[in-house]
Structure formats: structure tokens, C-alpha cells
Ligand code: NAD
Ligand code: ZN
């Protein structure tokens with residue numbers, strides 16, 4: 001008898017005590033936020049390597065803010081999808097940590113409680129001159145007057161990690177501890193091209209974890225690191241997986 005990949009994955013998750021879920025932009029794709037890789041979306045207009053870097057922000061904040069403004073519109077219109085909700089349902093059944101590369105806060109909005117935001121959050125802005133923090137909800141961002149400014153006159157930036165920037169202190173370390181101690185890592189919707197987040201599955205593998213990967217496309221992890229590959233969309237496969245874990 002050959003079990004289906006979902007059966008195999010649900011057996012593995014059911015036997016786990018500590019689960020780390022590593023998520024990327026793909027888990028939010030069905031919420032209407034375009035991932036970098038894949039067709040269309042705002043990234044057809046804004047090359048992340050041109051607009052998403054610290055150098056670009058320093059050199060021309062207004063330019064980078066055009067991309068941030070469009071991404072902000074997508075995030076503001078987005079709601080958690082079936083994949084985010086499925087992870088919330090799993091929480092009472094095992095020790096679950098989510099390490100996300102996303103800045104959209106959709107895991108928290110769905111109700112997940114242990115979320116490590118590896119790349120910061122679009123929900124907070126930071127003054128590049130005086131360092132003051134602002135809740136994004138309290139700042140009116142006018143597309144015709146970018147960048148938005150602090151009371152001190154300095155340019156604001158979202159508290160997200162741009163290409164060329166280090167992760168906030170302590171954040172990767174928290175995820176790394178979760179990776180080293182996890183029995184199972186579930187990797188959802190990431191191309192695993194952005195370091196150091198992309199190292200987490202390998203760190204867990206070396207510490208003895210089983211690795212499950214969910215993606216409509218294979219990645220370099222699929223052949224190098226993954227034990228069970230679930231082929232498909234997060235919003236369809238994750239609810240199925242969680243139902244199989246919980247109900248028997
Ligand atoms: P990525 O764009 O490099 O890769 C997205 C992955 O998701 C791809 O492998 C793709 O095949 C997969 N995918 C597409 N649709 C999917 C679906 N319905 N279900 C499951 N998987 C799906 O994203 P990344 O690996 O996260 O790296 C890009 C960086 O930019 C990260 O820091 C990322 O979080 C950030 N970013 C964040 C957002 C957001 O906050 N939602 C959006 C765009 C980019
Ligand atoms: Zn300021």
C-alpha cells in the first residue's frame with residue numbers, strides 16, 4: 001500500500017510534538033498579495049532587486065515608496081485565507097511556531113499566537129531621522145506626497161527588512177531555536193531563495209527533523225531537503241492536511 005503524500009504528511013505531523021511552520025509569500029497569494037516569483041502582480045512593475053533594497057531607499061525614498069505604497073494597498077485589502085486559518089486550528093494539538101517571511105501580519109490576524117516575523121512588519125513605520133515608531137494605521141500615506149513624514153520632518157519607512165539589510169537582532173535566533181528543536185518542519189509557499197530564512201529547513205534537517213514542503217512548484221529544497229512534497233496551493237492543501245491530522 002502506498003499512502004498518498006497527504007496521508008504520509010499527516011502521519012508525520014500527528015506524531016510530532018514540536019512543529020515549525022516556515023511560510024513565504026505563497027501562503028498569502030490566495031489572499032490577493034502577489035509573491036515575487038510567479039506571474040503578474042505588482043512585481044511585474046517593480047523589480048524587487050531594484051526597488052526593494054536599502055541602497056535604493058537611501059538614494060531615492062520616494063521611488064521605493066511607490067512600490068511600498070502598492071504593496072500596502074494589496075496588504076490593506078487582504079484577509080487571511082483558508083491556509084492561515086488551518087494553521088490556527090492546529091495550534092491546540094501540538095507546540096507550533098510559525099516563522100514567516102511575510103510582512104502582511106495575516107497569521108496574527110487569523111489568530112496564530114506564536115509568530116516570528118523574520119522580515120518585520122508592514123504594520124509599523126519607523127522614522128529614518130529620529131527613530132520614532134508609528135503604527136501604520138495612524139499614518140496617512142498620500143500617493144502624491146511620498147515618502148510619508150514623521151513629526152520631525154524625517155522620512156518614514158516601514159519596519160520591514162529590505163534586501164541588503166540584516167534581520168532585527170534576536171529574530172533569526174528565535175526561529176533557529178524552533179528549527180533545532182522541531183520534530184517536523186512544514187515549509188509553505190516559499191521559493192527558499194532568501195537567506196537566512198532559507199537555511200531554517202536545513203538546520204532542522206541536520207538536527208533530525210522531518211521536512212514537509214507544500215508548493216505548487218518544486219524548489220531547491222524539494223530534492224535536497226524535503227521528505228514529503230505536497231504539490232498544490234496552500235489554501236487547498238493545508239486545510240486538507242490539518243483535517244487529516246486532527247480527525248483520527
Ligand atoms: P517568493 O515570491 O520568492 O516565492 C513564493 C513561492 O510561493 C513560490 O515558490 C511559489 O511557487 C509559491 N506559491 C505561489 N502560489 C502559491 C500558493 N497558492 N500556495 C503555496 N505556494 C504558492 O516568496 P518568498 O520565498 O517568501 O521570498 C520573497 C521575499 O519577499 C520574502 O521575504 C517574502 O515574504 C517577501 N514578500 C512578502 C509578501 C507578503 O508579505 N505577503 C509578498 C511578496 C514578497
Ligand atoms: Zn522623526
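Quick note: the coordinates plus some simple rules give every number you see, no bench work behind them. Since the structure is predicted, the reported quantities are computational estimates derived from the model, not experimental observations. As a convention, Cβ positions derive from the backbone with ideal geometry for all residues, glycine included, and neighbour counts pool all protein chains shown.
Descriptive notes on the structure:
- Residues that are crowded, with 18+ Cβ neighbours inside 10 Å, in contact with a strand residue (DSSP E or B) (Cβ under 6 Å, 6 or more places away or on another chain) and touching a residue at least 60 places away in the same chain (Cβ under 8 Å) do not occur anywhere in the range 28-35.
- Check on residue 47, surrounded by fewer than 16 Cβ atoms within 10 Å (Cβ to Cβ) and away from ligand 1 (no atom under 16 Å from the Cβ): no
- Condition broken by residue 208, with the remaining ones in (1) within 14 Å of the chain's Cα centre (by Cα); (2) surrounded by fewer than 14 Cβ atoms within 10 Å (Cβ to Cβ); (3) closer than 22 Å to residue 5 by Cα satisfied: (1)
- Inspection of the range 164-184 identifies no residue that is in contact with a helix residue (DSSP H, G or I) (Cβ under 8 Å, 6 or more places away or on another chain), closer than 15 Å to residue 65 by Cβ and within 13 Å of ligand 1 (Cβ to nearest atom).
- Hey, residue 67 within 13 Å of ligand 1 (Cβ to nearest atom), in a helix (DSSP H, G or I), on the phi < 0 side of the Ramachandran plot and exposed (fewer than 15 other Cβ atoms within 10 Å of the Cβ) or not: no
- Evaluating residue 145 against the criteria (1) in contact (Cβ under 8 Å) with a residue 60 or more places away in the chain; (2) surrounded by fewer than 17 Cβ atoms within 10 Å (Cβ to Cβ) leaves one unmet condition, (1).
- Of all residues making up the range 100-130, the number that are away from ligand 1 (no atom under 11 Å from the Cβ) and either touching a strand residue (DSSP E or B) at 6+ places or on another chain (Cβ under 6 Å) or under 21 Å from residue 15 (Cβ atoms) (or both): 10
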